[in-house]
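Heads up, the thing below is written out as structure tokens.
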Amino acid sequence: MQSFPLLAAFVGGEIVDMISNTGAVAKLVLLSLLAFSLVSWAIILTKWSLLRRARAQSGRFVRAFRKAQRLQDIAAVADQFRPSPLVGVFEGGFEEVKRQASSSGMLRNLTAIQRGMQIGASEEITRLERNVPWLAITAAVTPFVGLFGTVWGIIDAFHGLGTAGAATLRAVAPGISEALVTTAAGLAAAIPAVIAYNLIGASIREFAARSDDFALEVLNAVEHSQGQASAESRR
């Protein structure tokens, strides 16, 4: 078991030595890739936490909505479930319900209520998608940035080989291995970004579908409450 820390330390030391022996262009490429990677990991961790909380609060909010007897009851406690995008969908429709009820005392246009919920859903999905395109940019750009560093390093290695005049593998191998470090760094930055981009995108699409379904559920509740109000007014 003690051999693993020693192996990790040896490999880490080899990588540090290899990076320290690279040229200025390779170091600049590695710093750029490090910046891309740090930003993408910050986005990944932030979005993962946000989506986890949104998923948990959405389940609680739907259960509270289905138990509520009136729309006003769920509106009074909606702020408790704020991380959920379904809260924005509900509030978009409920604001239109209050606007119509205050002007005429009854609901005249259910389509306007539906449009209000669609606007709320769009705003919530836009909030969830904020900064996510950066993951796609990182996944697309960093392999080519790393490849640029590799090509530049190989050119530099062969230039040094031509200057030295020693056409042996021993003479060119260290320079090429150092150049390939940038390709490995580019892939190390790109692979987590592309995996996270697809997983986060799938979660956001799931929230978009749930928002559409929830909007229909709210619309059913509005129609039901309107029918109850009409029946009571006829008595």
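Taken together, the values in this text are just the output of simple stated rules run on the coordinates, not laboratory data. Bear in mind the structure is a predicted one, so any value in this text is a computation, not a measurement. Counting neighbours? That spans all protein chains shown, and the Cβs are built from the backbone with ideal geometry, glycine included.
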_Can you tell me, using C-alpha contacts under 8 Å and at least 6 residues apart, the relative contact order of the stretch 13-227 as a whole percent?_
30
*How do 199-209, 29-39 rank on mean C-beta neighbours within 10 Å, highest first?*
29-39, 199-209
*Treat each spin label as a single point 7 Å out from the Cα along the C-beta direction, and report the MET106 to ILE195 distance in nm.*
5.9
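What does the net charge come to around GLY146 if you take all other residues with beta carbon closer than 15 Å to its beta carbon, with K and R at +1 and D and E at -1?
Values: positive: LYS27; negative: GLU178.
Cβ neighbours under 15 Å give a net charge of 0.
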*asked:* So, R0 is 25 Å and r is the distance between the beta-carbons of PHE144 and SER49; what FRET efficiency does that work out to, to 0.05?
replied: 0.25
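State whether the stretch 43-140 is rounded, prolate or oblate according to the following rule on the C-alpha gyration tensor (a ≥ b ≥ c being the square roots of its eigenvalues): a/c under 1.5 gives rounded; otherwise a/b larger than b/c gives prolate, and the remaining case gives oblate.
Details: a/c = 3.92, a/b = 1.81, b/c = 2.16.
In terms of gyration-tensor shape, oblate.
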_Below 22 Å, Cα to Cα, which lysines can LYS98 reach? Residues fewer than 8 away in the same chain don't count._
LYS67
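All other residues with a Cβ under 10 Å from the Cβ of ALA121 taken together, and with Lys, Arg as +1 and Asp, Glu as -1, what is their net charge? It would help to have the intermediate numbers written out before the result.
Details: positive: ARG210; negative: GLU123, GLU124, ASP212.
Counting the neighbours of ALA121, the net charge comes to -2.
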